[in-house]
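Here the structure comes first, spelled out in structure tokens, and everything after it is commentary.
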Amino acid sequence: MGKTVLAFDIGDTYIKIAKQEKDRIRIICKQMPEDLVKDGIVQLPHMLEEFLKDIRKEYKLPKAECGIVVPDEEVVCRKLTLPAMTEKQLEVNLPFEFSDFISGKPTRYVYDYAMEQIIEDESGKPKEMVLTGAVMSKDAVTNYVDMFRTAGFKLRTLIPQEIALTNIIKEAVANNRIDPDQEFCLVNLGHRATQVYIFRGETLVVLRKIYIGGESIDKAIAEHEIIDEYLARTHKNTNYNDVLESEYCKEAFGKIAVEIMKVINFYKFNNRESNLEDIYFCGGGSNILQLCDHIAAVNGLDHQPINRLLPINADKNMDLSAVCAMGVLLQ
């Protein structure tokens with residue numbers, strides 16, 4: 001199997017592509033056709049195939065091995081602590097660990113995992129292992145493979161968003177860009193939802209999904225300017241007529257900030273020794289500085305540039321919505 005040199009993150013509004021080149025990671029972001037993807041699920045597979053073909057030609061992308069970020073709606077992830085066992089034993093046990101999250105025969109699903117920690121006993125013998133397990137239906141995997149093959153790509157890697165982001169953090173810790181014991185919050189600001197991650201070094205200790213995102217800002221702009229949401233999104237992304245400084249946009253920012261605050265406060269309440277001070281942002285909303293600064297201020301955290309977490313060969317001025325795609329290249 002060749003090395004993955006292309007990674008795709010297909011969102012409702014944008015497709016993000018990370019391309020591994022000789023000395024850098026190149027980022028491509030392109031707006032999606034309307035209603036092609038909804039809530040993370042591909043609605044029109046044949047149209048996505050044609051869209052991917054067009055992108056391959058437009059950007060002269062190679063027919064290389066590629067990977068994708070699997071949307072939350074297609075995959076179930078669980079943090080698992082299991083007795084130490086062999087890889088073969090783990091293959092047998094994973095279906096049992098996900099029995100409450102799947103329907104039908106376990107053989108209809110694909111199981112995978114990312115090892116996080118081996119816990120040893122007093123004698124140094126492996127006692128337990130901590131890992132992130134994932135399960136996805138074989139039908140969904142086949143559908144993605146077929147769509148990409150038709151478009152001229154060799155799809156080999158499919159990973160959940162949280163593993164893609166954890167890959168970024170692990171690489172940052174390994175290269176001393178972040179302290180292995182440091183606590184920090186990473187917020188992925190999506191279109192319809194927001195994911196709040198709290199890390200301690202490379203260990204993910206909290207993940208919460210909040211069903212509010214950039215779409216709520218689009219709706220606020222559309223309502224006050226009496227325009228459709230598609231045009232409102234353009235006004236938001238370009239800060240047309242300083243719309244992001246308006247009171248109704250600040251009110252929309254506040255609603256997102258308060259939901260994030262609930263997650264952070266709950267974590268701090270249950271971890272009284274917490275020294276959480278820093279917050280980072282990725283996803284499409286992270287390109288809106290006013291939104292990120294508002295969230296950081298409401299939560300009393302220092303807004304840190306996520307570039308310091310990214311591989312040194314990443315584009316310095318990259319679109320931050322592509323961070324998850326970059327994490328696939330590190331798999």
> Out of curiosity, is N270 polar (S, T, N, Q) and without any contact (Cβ under 8 Å) to a residue 40 or more places away in the chain?
Replying inline: yes
> Which residue pairs have Cβ atoms under 7 Å apart, sit 6 or more places apart or on different chains, and have a first residue in segment 308-331 that is in contact (Cβ under 8 Å) with a residue 12 or more places away in the chain and open to solvent by 50 Å² or more (accessible area, probe 1.4 Å) and a second that is assigned to a loop (DSSP other than H, G, I, E, B) and of a type outside the set (V, I, T)?
Replying inline: R308/R177
>> When you scan segment 114-122, do you find a residue that is more than 19 Å from the chain's Cα centre (by Cα), assigned to a strand (DSSP E or B) and crowded, with 19+ Cβ neighbours inside 10 Å, even just one?
In response: no
> surrounded by fewer than 12 Cβ atoms within 10 Å (Cβ to Cβ) and outside any helix (DSSP H, G or I), is that true of T81?
Replying inline: yes
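To keep it simple, each residue is scored yes or no on (1) part of a helix (DSSP H, G or I); (2) at pLDDT below 95.
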| position | (1), (2) |
| --- | --- |
| A252 | yes, no |
| K255 | yes, no |
| F281 | no, no |
| C292 | yes, no |
| A296 | yes, no |
| N317 | no, yes |
>> Restricting to segment 277-301, count the residues that are open to solvent by less than 10 Å² (accessible area, probe 1.4 Å), over 18 Å from the mean Cα position of the chain (by Cα) and in contact (Cβ under 8 Å) with a residue 60 or more places away in the chain.
In response: 2
> Out of G67, G40, which single residue is within 15 Å of I10 (Cβ to Cβ), open to solvent by less than 30 Å² (accessible area, probe 1.4 Å), modelled with pLDDT under 90 and within 23 Å of the chain's Cα centre (by Cα)?
Replying inline: G40
> For segment 10-32, how many residues meet the condition of being part of a loop (DSSP other than H, G, I, E, B), closer than 17 Å to F51 by Cβ and in contact (Cβ under 8 Å) with a residue 60 or more places away in the chain?
Replying inline: 3
> Regarding D54, is this residue open to solvent by 40 Å² or more (accessible area, probe 1.4 Å) and modelled with pLDDT under 90?
Replying inline: no
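One line per residue, one yes/no per condition, for (1) open to solvent by 20 Å² or more (accessible area, probe 1.4 Å); (2) of a type in the set (D, E, K, R); (3) within 21 Å of V298 (Cα to Cα); (4) within 24 Å of the chain's Cα centre (by Cα):
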position: A232; (1), (2), (3), (4): no, no, no, no
position: Y248; (1), (2), (3), (4): yes, no, yes, no
position: F253; (1), (2), (3), (4): no, no, yes, yes
position: I264; (1), (2), (3), (4): no, no, yes, yes
position: K268; (1), (2), (3), (4): yes, yes, yes, yes
>> Show the residue pairs meeting these rules: Cβ distance below 6 Å; 6+ apart or different chains; first residue within segment 130-152 and open to solvent by less than 30 Å² (accessible area, probe 1.4 Å); second residue of a type in the set (F, W, Y).
In response: L131/Y113; G133/Y113; V135/F98; V135/Y109; V135/Y111
> Take the residues of segment 157-216 that are of a type in the set (D, E) and touching a residue at least 24 places away in the same chain (Cβ under 8 Å): which is surrounded by the most Cβ atoms within 10 Å (Cβ to Cβ)?
Replying inline: E162
> How do the pairs read when you match residues in segment 93-119 that are charged (D, E, K, R) with residues anywhere that are assigned to a helix (DSSP H, G or I), using Cβ under 8 Å and keeping only pairs 6 or more apart or on different chains?
Replying inline: R108/K138; R108/D139
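The values are calculated or read from the model by the stated rules, or taken from the named source; none is laboratory data. These numbers come from a predicted model, not from an experiment. Because the Cβ atoms are built from the backbone with ideal geometry, glycine has one as well, and the counts that use them run over all protein chains shown. Calculation scope for accessible area: heavy atoms of the full protein, side chains included, ligands and nucleic acids excluded. Shrake-Rupley method; radii C 1.70, N 1.55, O 1.52, S 1.80 Å.
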